[in-house]
Amino acid sequence: MTTIRNPILPGFNPDPAFCRAGDDYYIATSTFEWYPGVQIHHSRDLVNWRLVCRPLDRQSQLDMRGNPDSCGVWAPALTYADGLFWLIYTDVKRRLGNFKDTHNYLVTAPSIEGPWSDPIFMNSSGFDPSLFHDDDGRKWFVNMVWDHRRRRNSFDGILLQEYSPAEQRLVGPIKNIFKGSPLGLVEGPHLWKRNGWYYLTVAEGGTSYNHAVTIARSRNIDGPYELHPNTHLLTSKDAPDAPLQRAGHGFYVEASTGEVYHTHLCSRPLPGTRRSPLGRETAIQRVVWREDDWLYLAHGGQVPAVEVKGPDLPRHPFPPEPERHDFDDGRLPSAFQWLRTPDWGRLFSLTVRASHLRLYGRESIGSWFEQALVARRQTDWSYSAETALEFEPETYQQMAGLICYYDRARFHYLAVSADDEGRRVLQVISCLGDHPDALMTYMLDSDLPLPEDGPIHLGVDVHLADLQFRWSIDGVNWKPVGPILDASILSDEAGPGAHGSFTGAFVGMAAHDLTGRALPADFDHFSYRADMPSD
């Protein structure tokens with residue numbers, strides 16, 4: 001018997017849309033302000049997964065310059081029909097205040113690797129869009145609708161409208177088919193059909209600790225929809241000690257063996273806290289159909305399990321990701337992303353200097369437009385990361401180094417910069433998420449002098465909520481620098497901006513040049529090593 005161990009996609013991988021194409025299984029997850037947009041993972045056995053593509057990789061598909069933190073790509077939906085992959089996504093331009101600007105698009109591809117089409121605009125009435133392919137050939141588009149008036153509930157139900165592939169637009173009447181359960185905050189809709197029933201799975205309760213997957217059904221696609229006997233297929237809201245918290249928002253798939261599964265997002269708070277630097281992750285649960293034509297967790301109850309029985313399929317492992325990247329082949333390793341802009345050539349190059357990642361210092365740390373920051377997800381509670389850079393700053397307005405980053409209000413930065421006389425120094429800069437204006441704190445009593453030239457090795461060790469930077473001249477003899485910092489601030493739940501924060505902790509390389517001269521910083525390598533199991 002194979003065993004699926006959750007989460008199957010550790011680290012920031014929320015809002016999992018589940019898709020099967022023959023013997024291949026795909027999960028698409030949200031990427032928010034990180035570029036390229038949408039992560040798609042592939043599996044043949046539901047146990048082993050690998051990142052196969054990020055399809056939104058050019059300006060015509062996605063340009064997030066100016067998008068605030070935790071905006072950008074929300075809740076993609078991936079389906080396969082008519083020999084094509086269909087990817088629906090939202091580009092959120094505003095999330096705070098009464099209004100949300102939520103533009104929904106469709107792209108298609110004959111293969112999961114592409115080529116992916118230019119987008120077709122669908123609507124802007126709300127977020128979390130999805131496309132359902134009915135067995136009569138018609139296609140139906142659903143999304144939650146946002147009520148900016150807030151007279152009752154901003155989450156005003158699930159809208160349904162037909163999509164015409166021939167006309168490449170939504171057509172016909174718009175109907176609100178489901179207002180949700182008493183839990184409220186209904187979003188994340190997906191439709192599927194079985195035994196003459198239309199099933200609607202939605203997310204409810206908000207994506208924090210009251211989150212849930214709710215299921216309803218109807219004989220007609222436009223309703224009325226009746227709630228599941230238990231209302232929620234799965235939730236951790238009443239199980240505060242469950243290992244997988246914040247469980248909700250996913251989709252149903254029938255395996256080629258006939259066994260059935262449902263994805264969902266979850267988080268694993270640091271022990272004794274309600275903070276999750278790993279962000280919202282992806283898990284999968286085995287589900288069963290009962291005689292009443294309703295879906296239930298196979299292990300019973302509503303609380304998601306860490307270990308579930310896998311399908312009766314051959315094991316299909318993938319090669320592990322390398323711990324160290326030496327930037328030798330002229331391409332950015334797939335583990336890394338950057339922020340917002342499709343014009344990545346203004347941020348970095350892997351060819352100007354062989355076997356190096358060159359970052360061009362751009363706008364300030366936390367900029368919503370053009371920031372040279374290339375990083376990978378934190379996927380473990382405890383890890384070590386290292387890099388080495390050559391950087392010759394001339395002024396204190398230029399800095400580059402190793403960064404642990406959540407957003408503009410939450411980061412820790414080990415930076416090479418210059419003092420008032422232009423001499424190289426090492427700084428530890430933090431933004432602790434405790435001030436609405438994202439004020440920085442310098443964590444050393446005074447800057448640490450560095451040699452006038454030559455590479456500087458930078459490292460970080462994270463163990464649960466403790467984060468310690470270190471540095472070295474030769475990469476062998478290391479010295480700690482600065483105090484032990486709080487790694488838990490790099491989470492959705494930390495600070496006054498925590499409401500509506502949706503990503504996760506990253507660790508990577510950054511360069512900033514506030515003079516506008518784009519001073520380059522050359523990084524020789526980057527390594528990430530998990531130091532203990534993340535459970």
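Determine whether region 364-387 contains at least one residue that is basic (K, R), touching a helix residue (DSSP H, G or I) at 6+ places or on another chain (Cβ under 9 Å), crowded, with 19+ Cβ neighbours inside 10 Å and part of a strand (DSSP E or B).
No, region 364-387 has no match at all.
Can you list residue pairs whose Cβ atoms sit under 6 Å apart, with the first residue in region 456-477 being of a type in the set (D, E) and the second being buried (at least 19 other Cβ atoms within 10 Å of the Cβ)? Count only pairs 6 or more apart in sequence or on different chains.
What qualifies is D461/S384.
Restricting attention to region 431-441, does a residue exist that is under 21 Å from the mean Cα position of the chain (by Cα), at pLDDT below 95 and part of a loop (DSSP other than H, G, I, E, B)? Talk me through it step by step, then tell me what you get.
Residues of region 431-441 under 21 Å from the mean Cα position of the chain (by Cα): 433.
After this cut, where a residue has to be at pLDDT below 95 as well, the list is 433.
Those left that are additionally part of a loop (DSSP other than H, G, I, E, B): 433.
Checked against the condition, which is being under 21 Å from the mean Cα position of the chain (by Cα), at pLDDT below 95 and part of a loop (DSSP other than H, G, I, E, B), region 431-441 yields at least one hit.
Is it true that some residue in region 461-472 is over 29 Å from the mean Cα position of the chain (by Cα), outside any strand (DSSP E or B) and modelled with pLDDT of 95 or more? Talk me through it step by step, then tell me what you get.
Residues of region 461-472 over 29 Å from the mean Cα position of the chain (by Cα): 471-472.
So of that shortlist, the ones also outside any strand (DSSP E or B) come out as none.
Checking region 461-472: not a single residue is over 29 Å from the mean Cα position of the chain (by Cα), outside any strand (DSSP E or B) and modelled with pLDDT of 95 or more.
Which one is farthest from S267 (Cα to Cα) among residues in region 481-519 that are part of a loop (DSSP other than H, G, I, E, B) and among the polar types (S, T, N, Q)? Write out each step before concluding.
Within region 481-519, the subset part of a loop (DSSP other than H, G, I, E, B) is 490-505, 514-519.
Cutting the leftovers down to among the polar types (S, T, N, Q) gives us 491, 501, 503, 515.
On the way: S491: 11, S501: 13, T503: 11, T515: 40 Å.
That would be T515.
State which residue is farthest from A109 (Cα to Cα) when the search covers only region 163-187 and only residues that are of a type in the set (D, E, K, R) and surrounded by fewer than 18 Cβ atoms within 10 Å (Cβ to Cβ).
Let us first name the residues in region 163-187 that are of a type in the set (D, E, K, R), namely 167, 169, 175, 179, 187.
So of that shortlist, the ones also surrounded by fewer than 18 Cβ atoms within 10 Å (Cβ to Cβ) come out as 167, 169, 175, 179.
Details: E167: 18, R169: 17, K175: 29, K179: 33 Å.
Top of the filtered list is K179.
Among the residues in region 187-202, are any over 30 Å from D492 (Cα atoms), touching an Asp or Glu at 6+ places or on another chain (Cβ under 7 Å), polar (S, T, N, Q) and modelled with pLDDT of 95 or more? Step through it out loud before you land on a result.
First, pick out the residues of region 187-202 that are over 30 Å from D492 (Cα atoms): 192-199.
In the following step, the residues that additionally are touching an Asp or Glu at 6+ places or on another chain (Cβ under 7 Å) were identified as 193, 195, 197.
The next check asks that each one be polar (S, T, N, Q); those that pass are 195.
Filter again for modelled with pLDDT of 95 or more, leaving 195.
Checking region 187-202: at least one residue is over 30 Å from D492 (Cα atoms), touching an Asp or Glu at 6+ places or on another chain (Cβ under 7 Å), polar (S, T, N, Q) and modelled with pLDDT of 95 or more.
Against the definition (in contact with a Cys (Cβ under 8 Å, 6 or more places away or on another chain) and buried (at least 20 other Cβ atoms within 10 Å of the Cβ)), how does L467 come out, yes or no? Working first, answer last.
Values: in contact with a Cys (Cβ under 8 Å, 6 or more places away or on another chain): yes; buried (at least 20 other Cβ atoms within 10 Å of the Cβ): yes.
Spelling it out, L467 is indeed in contact with a Cys (Cβ under 8 Å, 6 or more places away or on another chain) and buried (at least 20 other Cβ atoms within 10 Å of the Cβ).
Right, N153: under 26 Å from G206 (Cβ atoms) and either of a type in the set (D, E, K, R) or not in a strand (DSSP E or B) (or both) or not? Steps first, answer last, please.
Details: under 26 Å from G206 (Cβ atoms): yes; either of a type in the set (D, E, K, R) or not in a strand (DSSP E or B) (or both): yes.
Judged against the criteria, N153 is a match.
Residues are listed down the side, and each one gets a yes or a no for (1) farther than 17 Å from G366 by Cβ; (2) surrounded by fewer than 20 Cβ atoms within 10 Å (Cβ to Cβ); (3) touching a helix residue (DSSP H, G or I) at 6+ places or on another chain (Cβ under 9 Å):
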site	(1), (2), (3)
D407	no, no, no
C431	no, no, yes
D437	no, yes, no
E452	yes, yes, no
G459	yes, no, no
H463	yes, yes, yes
L490	no, no, no
L514	no, yes, no
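Quick one: what pairs do we get from region 205-222, first residue farther than 15 Å from F178 by Cβ, second of a type in the set (V, I, T) and surrounded by 17 or more Cβ atoms within 10 Å (Cβ to Cβ), C-beta under 7 Å, 6+ apart or different chains?
Here the result reads H211/T235, each pair linking region 205-222 to a residue that is of a type in the set (V, I, T) and surrounded by 17 or more Cβ atoms within 10 Å (Cβ to Cβ).
Looking at A494 and the list (1) at pLDDT 95 or above; (2) at negative phi, which single condition is not satisfied?
Evaluating A494 over (1) at pLDDT 95 or above; (2) at negative phi leaves (1) as the failure.
Kindly indicate the residue of region 123-148 that is surrounded by fewer than 23 Cβ atoms within 10 Å (Cβ to Cβ) and of a type in the set (A, V, I, L, M) and also farthest from L159 (Cα to Cα) among those meeting that condition.
L131
In region 311-344, how many residues are among the small types (G, A, S) and either under 21 Å from the mean Cα position of the chain (by Cα) or not in a loop (DSSP other than H, G, I, E, B) (or both)? Reasoning before the result, please.
Within region 311-344, the subset among the small types (G, A, S) is 330, 334-335.
After this cut, where a residue has to be either under 21 Å from the mean Cα position of the chain (by Cα) or not in a loop (DSSP other than H, G, I, E, B) (or both) as well, the list is 334-335.
Adding up the residues that qualify gives 2.
Considering only residues that are on the phi < 0 side of the Ramachandran plot and not in a strand (DSSP E or B), look in region 160-187 and name the one that is nearest to the chain's Cα centre (by Cα). So that I can check it myself, show each step before the final result.
Going residue by residue through region 160-187, those that are on the phi < 0 side of the Ramachandran plot are 160-167, 169-171, 173-179, 181-183, 186-187.
Checking which are not in a strand (DSSP E or B) leaves us with 165-167, 179, 181-183, 186.
Numbers: P165: 29, A166: 33, E167: 32, K179: 27, S181: 27, P182: 28, L183: 25, V186: 20 Å.
Once the filter is applied, the top-ranked residue is V186.
Give me the strands (runs of 3 or more DSSP E) completely within region 212-310, filtered to those with at least 2 residues that are buried (at least 19 other Cβ atoms within 10 Å of the Cβ), ordered by residue number. Steps first, answer last, please.
Details: elements: 212-218, 226-235, 245-248, 252-254, 260-267, 281-289, 295-297, 307-309.
Passing ranges, in order: 212-218, 226-235, 245-248, 252-254, 260-267, 281-289, 295-297.
Which condition from (1) assigned to a strand (DSSP E or B); (2) surrounded by fewer than 16 Cβ atoms within 10 Å (Cβ to Cβ) is the one that D522 breaks?
(2)
Of the numbered conditions (1) buried (at least 16 other Cβ atoms within 10 Å of the Cβ); (2) under 19 Å from F12 (Cβ atoms), S334 fails exactly one; give the number of that condition.
All conditions pass for S334, except number (1).
Table: residues versus (1) among the aliphatic types (A, V, I, L, M); (2) surrounded by fewer than 22 Cβ atoms within 10 Å (Cβ to Cβ); (3) in contact with a Cys (Cβ under 7 Å, 6 or more places away or on another chain).
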residue	(1), (2), (3)
M1	yes, yes, no
I27	yes, no, no
R54	no, yes, no
D63	no, yes, no
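The values are calculated or read from the model by the stated rules, or taken from the named source; none is laboratory data. Note that the structure is predicted; figures quoted are calculated from it, not measured. Methodologically, a virtual Cβ is constructed for each residue, glycine included, from the backbone with ideal geometry; neighbour enumeration extends over all protein chains shown.
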